[in-house]
Amino acid sequence: MANENNQLETLLTEHQVAELLKVSVATIRRRRLFRQPPDFVKIGASVRYRREAIQRLIEAGEQRTETR
């Protein structure tokens, strides 16, 4: 049961995701509409995001630079 609660605690609302990524809620909704990351979970009419999906999105956009 503790593991189940831990998984539920990691679910974020679209408002929380927008705040974390410093974008508007409309941007999060638009990305969902066009099936762009981050992946989401539907629970009834509610939409939630896993923290892991947000982390993957951030890592996927990370740009590496090399100094010469």
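The numbers here are math on the coordinates, done by the rules we state, and not lab data. Bear in mind the structure is a predicted one, so any value in this text is a computation, not a measurement. No Cβ is skipped: glycine too gets one built from the backbone with ideal geometry, and neighbour counts run over all protein chains shown.
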- Neighbour cut-off at most 14 other Cβ (10 Å), DSSP loop, GluC sites (Glu not before Pro), the stretch 22-68: Glu62, Glu66
- Note on the structure: By the Cα gyration tensor axes a ≥ b ≥ c (a/c under 1.5 gives rounded; else a/b larger than b/c gives prolate, otherwise oblate), the shape of the chain is oblate
